[in-house]
Amino acid sequence: MLDLQRLRALHAVSVHGTVGAAAAALGYTPSAVSQQIAKLERETRTVLLEREGRGVRLTDEAQQLAATARELLAIVERGETELEERRGVPAGRLTIAAFASAARGLLPSVLAGLAAQHPALDARLTEIDPHLSVDLVAKGAVDLVVAHDWDIAPLPAPAGVEQAAIGDDLCDLLVPEGHRFAGRTAVRRAELGGERWICQPPGRVCHDWLLRTLRAAGHEPEIVHQADENPTLVALVAAGLGIALIPRLGRGPLPAGVVEVPLNPMPVRRLYALWRAGAARRPAIAETVRTLREHWPKVSAHTPH
C-alpha cells in the first residue's frame with residue numbers, strides 16, 4: 001500500500017520544482033524529503049527522480065504518480081474539512097503563504113491571535129512571492145494565501161480558487177534628502193521622467209507596476225539597482241543612489257536621509273486572502289480570513305507614513 005506521507009513529499013517536489021523548496025513548504029529537511037522519495041521508489045520499484053544539472057527531474061512515472069497523489073490529498077482534505085466542520089471549531093494544520101511585507105507587517109499579529117483563541121489550530125507561515133503563491137494554493141500545496149495586486153494590474157484568481165479582500169495598502173515615493181522632490185506636498189506621475197530608480201527584480205508585481213506606470217506617463221524608467229527586500233531598497237535610497245516607490249505595510253520607520261513624498265494619484269495595492277473552493281467550509285479558513293480582516297485596520301493605522 002502506498003504511504004500517504006511519501007506521496008505528499010512527491011507531490012510537493014512536483015509543485016515546487018526542487019527537493020529543497022518542497023522541504024521548506026512541508027516543514028521538513030531536504031534529506032527527510034529525499035528519504036521519503038527513496039522509500040517510495042523502493043515500494044513502487046520505479047525510478048521517480050533523475051538528476052538534471054544541480055536539480056532533479058520527475059520521470060514520466062513520477063508525474064503520473066504525483067497526479068494521483070494530488071487526487072488522494074484532495075480527498076483527504078475533504079475528509080478533514082468535513083470533520084472540522086462537524087466539530088464547528090478551527091483545528092488541525094493550516095499552511096499559509098504570504099508575500100514578504102505581509103509576512104512581516106501583518107501575519108505576526110494574526111498568527112498570535114489565532115494561537116491564543118484557537119489552541120487546536122496549528123497555523124504555519126511560509127513567505128512566498130504572490131506570483132508563485134496563488135498557483136500553489138490552486139494546486140493544493142498550501143491552504144491559504146495572502147497576496148496582493150496593484151490598481152493597474154488586477155490579481156487573477158485561478159479556477160477553483162476563492163478570494164476575499166483584506167484591505168488597501170498605500171504606497172509612497174521615497175527620495176534622498178536634498179532631492180528635487182523632497183519637501184513637496186505631492187508629485188504627479190508625469191514628473192517622474194529622468195529619475196534613477198531602485199526597485200525589485202523583473203517578474204515581481206512591484207517591478208511590473210513601475211514599468212507600466214512610467215511608460216503610460218511617457219517615460220522609460222532607468223532602473224539602476226534591484227533588490228528583493230524593501231529594507232534594502234530603502235537603504236539604497238538613504239545612500240542617495242536613486243528613488244523608489246515603497247508600500248507602507250511592513251516598511252518600518254524611515255532612516256535618516258530618506259524623505260517620503262506622496263505621489264498623485266497615490267498608488268494602491270489591495271491585499272487578498274485566497275483559498276481553494278473545496279476548503280471554503282473549513283472553520284480554520286473562515287476564522288483566518290476573519291482574523292486577517294479584523295487585524296488589517298489596526299496594522300494599517302500604525303503603518304509609518
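The values are calculated or read from the model by the stated rules, or taken from the named source; none is laboratory data. This one's a predicted model, so the numbers in the text were calculated from it and none came from an experiment. For neighbour counting, all protein chains shown are included, and Cβ atoms are generated from backbone atoms with ideal geometry for every residue, glycine included. To get the accessible areas, we keep the full protein, side chains included, count just its heavy atoms, and leave off ligands, DNA and RNA. Shrake-Rupley method; radii C 1.70, N 1.55, O 1.52, S 1.80 Å.
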> Is there a residue being outside any strand (DSSP E or B), more than 14 Å from residue 278 (Cβ to Cβ), open to solvent by 40 Å² or more (accessible area, probe 1.4 Å) and among the acidic types (Asp, Glu) anywhere in region 126-139?
Replying inline: yes
>> Going by what's in this entry, would residue 49 be described as surrounded by 12 or more Cβ atoms within 10 Å (Cβ to Cβ), touching a strand residue (DSSP E or B) at 6+ places or on another chain (Cβ under 6 Å) and touching a residue at least 12 places away in the same chain (Cβ under 8 Å)?
In response: yes
> Can you name the residue in region 185-208 that is outside any helix (DSSP H, G or I) and of a type in the set (Gly, Ala, Ser) and is also nearest to residue 262 (Cα to Cα) among such residues?
Replying inline: 186
> If we keep just the residues of region 252-285 that are in contact with a helix residue (DSSP H, G or I) (Cβ under 6 Å, 6 or more places away or on another chain) and more than 30 Å from residue 140 (Cβ to Cβ), which is surrounded by the fewest Cβ atoms within 10 Å (Cβ to Cβ)?
Replying inline: 255
>> Among the residues that make up region 153-165, is at least one of them in contact with a His (Cβ under 9 Å, 6 or more places away or on another chain), in a helix (DSSP H, G or I), surrounded by 12 or more Cβ atoms within 10 Å (Cβ to Cβ) and modelled with pLDDT under 90?
In response: no
> So residue 175 clears everything in (1) open to solvent by less than 10 Å² (accessible area, probe 1.4 Å); (2) assigned to a helix (DSSP H, G or I); (3) not charged (D, E, K, R) except one condition, right? Which one?
Replying inline: (2)
>> Which of the numbered conditions does residue 226 fail, given that it passes all the others? Conditions: (1) more than 30 Å from residue 91 (Cβ to Cβ); (2) modelled with pLDDT under 95; (3) under 20 Å from the mean Cα position of the chain (by Cα).
In response: (2)
> What residue, of 62, 115, 103, is touching an Asp or Glu at 6+ places or on another chain (Cβ under 7 Å), modelled with pLDDT of 85 or more, in a helix (DSSP H, G or I) and of a type outside the set (Val, Ile, Thr)?
Replying inline: 103
> Which is open to solvent by less than 90 Å² (accessible area, probe 1.4 Å), at pLDDT 85 or above and not in a strand (DSSP E or B), of 67, 74?
Replying inline: 67
>> Here's a check for you: in region 14-38, which residue that is assigned to a loop (DSSP other than H, G, I, E, B) and of a type in the set (S, T, N, Q) is surrounded by the most Cβ atoms within 10 Å (Cβ to Cβ)?
In response: 18
> Can you pull out the residues in region 192-214 that are open to solvent by 70 Å² or more (accessible area, probe 1.4 Å) and modelled with pLDDT under 90?
Replying inline: 202, 212
> Is it true that some residue in region 44-56 is touching a Ser or Thr at 6+ places or on another chain (Cβ under 8 Å) and under 27 Å from residue 130 (Cα atoms)?
Replying inline: yes
> free of Cβ contacts under 8 Å to residues at least 12 places away in the same chain and either over 30 Å from residue 200 (Cα atoms) or not small (Gly, Ala, Ser) (or both) - does that describe any residue in region 88-106?
Replying inline: no
